[in-house]
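Written out below as structure tokens is the structure these notes cover.
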Amino acid sequence: MKTNVALLVFFAIASAVVSTPVFGHHGTNISYDHSKPTTLKGTVTEFVWRNPHAQLYFDVKDESGNILHWAGELNSPGVLTGQGWTRKMFVPGDEVTLSVFPSKAGTAVGVVDRSKPIISNGKEVVPAGRNVD
């Protein structure tokens, strides 16, 4: 009988340890250059409201007039919802100005600077989900 109780306790503890959620990690500091905040003006092409992070896609003209297709990583939809955002916050054609920390790889990707507002069609949007996640 003691063996059965001991086995039961062992398996209960083992189950608890194995089923404990593993905390996710972010590579934000590895992937993006936080020493080079960059302000961009462009036109929204798509706003994706999906976990783990919402994404804002927009086109920016460079100095030569060429169009660069940018992607900006935002906070999670849950955090953004708590700050008054909706899945219809941005629609294709909206004119936006925002600050991003660009990819260290040099691609047109960045994490949106959560300490600064986004300007959409001339109106200030609440900061992009300050780092509360």
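Values quoted throughout were computed directly from the atomic coordinates according to the rules given, and no laboratory measurement underlies them. Computed from a predicted model, the values in this text were never measured in an experiment. Because the Cβ atoms are built from the backbone with ideal geometry, glycine has one as well, and the counts that use them run over all protein chains shown.
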When residues of segment 62-102 are limited to those that are charged (D, E, K, R) and loosely packed, with under 13 Cβ neighbours inside 10 Å, the one nearest to GLY42 (Cα to Cα): ASP62
Members of segment 25-69 found to be in contact (Cβ under 8 Å) with a residue 40 or more places away in the chain and charged (D, E, K, R), listed by number: ASP33, LYS36, LYS41, GLU46
Top-ranked residue of segment 30-45 - restricted to ones that are surrounded by 12 or more Cβ atoms within 10 Å (Cβ to Cβ) and charged (D, E, K, R), ranked as farthest from GLY65 (Cα to Cα): ASP33
